[in-house]
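Reviewing the structure listed below.
The values are calculated or read from the model by the stated rules, or taken from the named source; none is laboratory data. Note that this is a predicted model, so its numbers are computed, not measured. Positions of Cβ are generated from backbone atoms using ideal geometry, with glycine treated the same way; all protein chains shown enter the neighbour counts.
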Amino acid sequence: MIFNVMLKKVVSGIGAILLLLLFVIVIGYHCPIQKITGFPCPGCNIITSSYWLFVKGDLSTSLYYHALLIPTIIVFVVCLFLSYKKNKKIRDRLLVIWGIAMILYYVYRMLFVFPDIPMVYDETSIFSLIFDIHF
């Protein structure tokens, strides 16, 4: 019985990874929201730039591209632990706090950084091509 449950979780996890890879192959290694609208999303640069710079050891540039990278990694690890311990109430509260922090940071970046690096407008987005939007 336990083996069947674990097998289903592994198969669904592999399916999710394959779906994600297919998605990346279809749209490329870009934020889908930015590729469609041209505007960066709240998570833009967190994986594409910030994470890879962090892995390479360039912490200051990594945090320049997305200051919430380290809190996001911590929240991810804590949520995995809380899910394992079946403590959904604390995990959900933590995710709400993280979501609010991401939205507030996004609003700050859109007000004070956009359209400069790293919050640039994608001139090749679908909306830009349809509506001829330029910044």
Quickly run through the range 115-132 and pick out the residues that are surrounded by 15 or more Cβ atoms within 10 Å (Cβ to Cβ), of a type outside the set (S, T, N, Q) and out of contact with any Ser or Thr (no Cβ under 8 Å at 6 or more places or on another chain). MET119, VAL120
Hey, among the residues in the range 28-57 that are among the polar types (S, T, N, Q) and touching a helix residue (DSSP H, G or I) at 6+ places or on another chain (Cβ under 8 Å), which one's nearest to PHE131 (Cα to Cα)? THR37
Quick check on my filter: what residues within the range 33-52 are without any contact (Cβ under 8 Å) to a residue 12 or more places away in the chain and closer than 20 Å to THR124 by Cβ? ILE33, ILE47
Test: residue in the range 54-67 that is exposed (fewer than 15 other Cβ atoms within 10 Å of the Cβ) and touching a Lys or Arg at 6+ places or on another chain (Cβ under 8 Å): no
Filtering the range 117-135 down to residues that are over 18 Å from HIS30 (Cα atoms), part of a loop (DSSP other than H, G, I, E, B) and without any contact (Cβ under 8 Å) to a residue 40 or more places away in the chain, which residue is farthest from the chain's Cα centre (by Cα)? ASP132
When restricted to ILE100, ILE117, the only residue of a type outside the set (S, T, N, Q) and under 30 Å from LYS9 (Cα atoms) is ILE100
Evaluate the following for PHE81: is it at pLDDT below 95, more than 27 Å from GLY38 (Cβ to Cβ) and not acidic (Asp, Glu)? yes
Name the residue that is nearest to the chain's Cα centre (by Cα), counting only residues in the range 90-108 that are surrounded by 12 or more Cβ atoms within 10 Å (Cβ to Cβ) and touching a residue at least 24 places away in the same chain (Cβ under 8 Å). MET102
